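Each remark here refers to the structure printed beneath this line.
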Amino acid sequence: MINKGFIFDLDGVIVDTAKFHYIAWKRLANELGINFTEEDNEQLKGVSRMQSLEILLGLEDVQKSESEKLQFAKQKNDWYVDLIGNLTPKDIMPGAEDFINEASKRSIKIALGSASKNALFILNKLKLNHLFDARIDGNQVAKAKPDPEVFLKGAEALGVPKENCLVFEDAQAGIEAAINGGMKCIGLGNTDILAKANLIVSGMDKITVSQALELLDNKK
Ligand code: BG6
Ligand code: MG
């Protein structure tokens, strides 16, 4: 049997933390007097913490020193970590856990491919850590999505050729990262934003492992 892997983004695919990221960035934006909308927040999805800050400051061309930037990023993260402190398995997005369990039963290897440095903290809160054969997060990558590094490292850690890996992503930057890595991907969410994905569904409860495998096996 061919060695296959599924690589999952975390925020917005397995758990809805996007709202907490937004609340924390919005609070920082307010303190800095920057107008920041939910639409602006879309650009931050999948993007690393420091790069998200650059995008936020860039909205109004605000110039800050490197040490101030580090301080702002830390402040945002402290607020964010407070907000996610109460996550429990009830916060797992519909269908995600069943889907991963079913894939494991069918001998598909499972990796995490997240930009977040809080990924393991979150997986532990959700009690999902044990489901992953490999975990690549923001602490192990130098280049943020849309660079494919996080997914290529995931495939490598699984020992699965990248062309046999399927990525699950909710962010534009993440879909581009999968494409840049030569991998197929399923977009979770908005069809306009994720148009470049090989297949777009509204949530993990709207796709079966068999359908995902069909997409992976379709050599077109
Ligand atoms: C991604 C989120 O998963 O992780 C981004 O979509 C976030 O919004 C990024 O900025 C980095 O997360 P963290 O937890 O390291 O600040
Ligand atoms: Mg995401």
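Since every read-out is calculated from the coordinates, none of them should be taken as a lab result. Since the model is a prediction, treat every value here as computed from it, not as a measurement. Please note: Cβ atoms are built from the backbone with ideal geometry, for glycine as well, and neighbour counts cover all protein chains shown.
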Checklist entry - trypsin sites (Lys or Arg not before Pro) within region 38-100: which are DSSP loop residues with at most 16 other Cβ atoms inside 10 Å? => result LYS64
Checklist outcome for this item: So the angle from the long Cα axis of helix 66-84 to the longest Cα principal axis of the chain, reported in degrees to the nearest 10, equals 60 degrees
Next on the checklist: Once you order the gyration tensor axes a ≥ b ≥ c over the Cα atoms, which shape class does region 88-168 get: rounded for a/c under 1.5, otherwise prolate or oblate by comparing a/b with b/c?
Outcome noted: oblate
Checklist entry - Setting aside same-chain residues fewer than 8 positions from LYS74, which lysines have a Cα under 28 Å from its Cα? => result LYS19, LYS26, LYS45, LYS64, LYS90, LYS117, LYS125, LYS127, LYS143, LYS145, LYS153
Next on the checklist: Could you work out how much longer the chain between ASN30 and GLN71 gets when fully extended? Use 0.36 nm per residue separation minus the Cα distance between them, nm to one decimal.
Outcome noted: 13.2 nm
Item to check | Förster radius 25 Å - calculated FRET efficiency between ASP217 and ASN190, Cβ distance, rounded to 0.05 | outcome: 0.40
Item to check | Between helix 149-158 and the chain: long-axis angle, C-alpha atoms, 0 to 90°, nearest 10 | outcome: 40 degrees
Checklist entry - Which whole-number percentage describes the relative contact order of the chain, with Cα contacts under 8 Å and a sequence gap of 6 or more? => result 25 percent
Checklist entry - Distance from the Cα centre of region 41-104 to that of region 140-216, in angstrom? => result 19 Å
Checklist entry - Once amide H atoms are placed 1.01 Å from N in the peptide plane, what residues at a sequence separation of 5 or more from PHE36, or on another chain, have their amide H within under 5 Å of its amide H? => result none
Checklist entry - How do the peptides 21-33, 155-167, 203-215 rank, highest first, by the average count of neighbouring beta carbon atoms within 10 Å per residue? => result 155-167, 21-33, 203-215
Checklist outcome for this item: Taking Cα atoms, the helix 96-105 axis meets the longest principal axis of the chain at an angle in degrees (rounded to 10) of 30 degrees
